[in-house]
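First the structure, in the form of structure tokens, and then the observations on it.
The values are calculated or read from the model by the stated rules, or taken from the named source; none is laboratory data. Computed from a prediction, not measured in an experiment: that's the story for all the values here. As a convention, Cβ positions derive from the backbone with ideal geometry for all residues, glycine included, and neighbour counts pool all protein chains shown. With ligands, DNA and RNA removed, areas are computed over all heavy atoms of the protein, side chains included. Shrake-Rupley method; radii C 1.70, N 1.55, O 1.52, S 1.80 Å.
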Amino acid sequence: MSNDSSAKRLRRFRTGGAALFLGSVPVIWLVGPAAAYTLGVIGVAAYLYARDRVTREQYRTLRSQNEAALDARRIIDHGAFPLPRAGGWAASSDLLALLGELTLARRPAHIVELGSGLSTVFLAELLRRHGHGRITSIDHDAQYAEQTRERLRARGLDDLVTVVCAPIREQEIEGARYPWYDCEQLEDVDCIDLLLVDGPIGSSARSCRYPALPVFKGRLSADAVIVVDDADRDDERAMVAAWSADYGMDLEWHALDGGAAVLTLRR
Ligand SMILES: C[S@@+](CC[C@H](N)C(=O)[O-])C[C@H]1O[C@@H](n2cnc3c(N)ncnc32)[C@H](O)[C@@H]1O
């Protein structure tokens with residue numbers, strides 16, 4: 001939506017609000033005070049809802065323009081493909097910044113992530129330009145896994161990343177049954193220095209991200225760090241608290257978009 005059309009919408013809401021107010025006198029006279037009160041409440045609720053939608057659309061436009069400006073700069077300055085857009089299904093920009101900071105500070109030799117996409121491309125670019133090491137990116141969906149491979153190939157980053165497609169399968173993990181990435185596809189994944197937990201899809205089942213630590217705990221290096229996206233959700237909060245208690249891990253909360261938690265093994 002352009003700024004012009006959002007300005008027009010705002011003008012329409014204001015005109016509508018004024019008309020509603022002026023029209024209320026004959027309405028009270030026609031339908032009586034109780035019905036007019038009900039209509040008034042409905043009108044105000046509708047107005048607030050519509051105003052909220054405009055604000056959200058304006059926010060989206062602003063964000064998208066901001067990212068497009070960064071893309072344009074990147075193309076001019078580096079002759080490089082822009083990164084896939086942040087937010088929504090993809091990692092938010094503030095999560096990327098946190099991952100970037102941790103990667104530069106800790107120099108992980110092996111990054112493993114659950115849920116491929118923007119984060120994969122971002123981390124691979126970072127490793128190529130400023131670091132060393134490799135990435136294993138795990139995706140349950142063959143199409144998304146291929147899309148990530150394609151994005152990596154387009155940027156010449158495919159030698160740094162192995163994208164593993166491990167479909168979700170109901171399996172027994174530490175005595176309980178969970179739908180999680182098919183563990184048989186993950187047998188070779190070890191020596192993990194940074195683990196990003198951003199999959200499977202949060203809404204797919206209760207505690208659907210919980211198996212990550214039971215499965216990978218024995219494959220973490222001594223100073224490994226675990227980053228959990230969407231940590232503000234009830235499920236993830238409970239999961240992270242349980243991991244911290246059950247596996248003796250220090251826990252840090254980060255007030256990012258959707259929340260993030262960072263766990264490290266207690267020494
Ligand atoms: C939260 S996403 C992972 C995002 C990834 N870390 C990134 O930064 O782009 C979890 C999974 O959702 C799936 N996914 C990604 N984009 C999607 C979309 N637009 N609609 C449905 N599923 C999507 C992929 O299979 C991905 O592994």
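General remarks:
- Of all residues in the stretch 179-227, those being among the β-branched types (V, I, T) and within 17 Å of the chain's Cα centre (by Cα) number 4.
- Candidates T136, T120, T148 - the one that is touching a residue at least 12 places away in the same chain (Cβ under 8 Å), away from the ligand (no atom under 12 Å from the Cβ) and of a type in the set (S, T, N, Q): T136
- Entry remark, the stretch 165-178: residues being surrounded by fewer than 18 Cβ atoms within 10 Å (Cβ to Cβ), within 25 Å of the chain's Cα centre (by Cα) and either of a type in the set (A, V, I, L, M, F, W, C) or under 27 Å from L123 (Cα atoms) (or both) number 1 in total.
- Top-ranked residue of the stretch 72-97 - restricted to ones that are more than 16 Å from the ligand (Cβ to nearest atom) and closer than 29 Å to D139 by Cα, ranked as modelled with the highest pLDDT: I75
- Any hit, the stretch 35-45, residues being aliphatic (A, V, I, L, M), open to solvent by less than 50 Å² (accessible area, probe 1.4 Å) and either within 16 Å of the ligand (Cβ to nearest atom) or touching a residue at least 60 places away in the same chain (Cβ under 8 Å) (or both): no
- Selection of the stretch 64-85 for residues being open to solvent by less than 60 Å² (accessible area, probe 1.4 Å) and assigned to a helix (DSSP H, G or I) yields S64, E67, A68, A69, D71, A72, R74.
- In the stretch 190-209, the residues that are away from the ligand (no atom under 12 Å from the Cβ), open to solvent by 10 Å² or more (accessible area, probe 1.4 Å) and of a type in the set (A, V, I, L, M): A205
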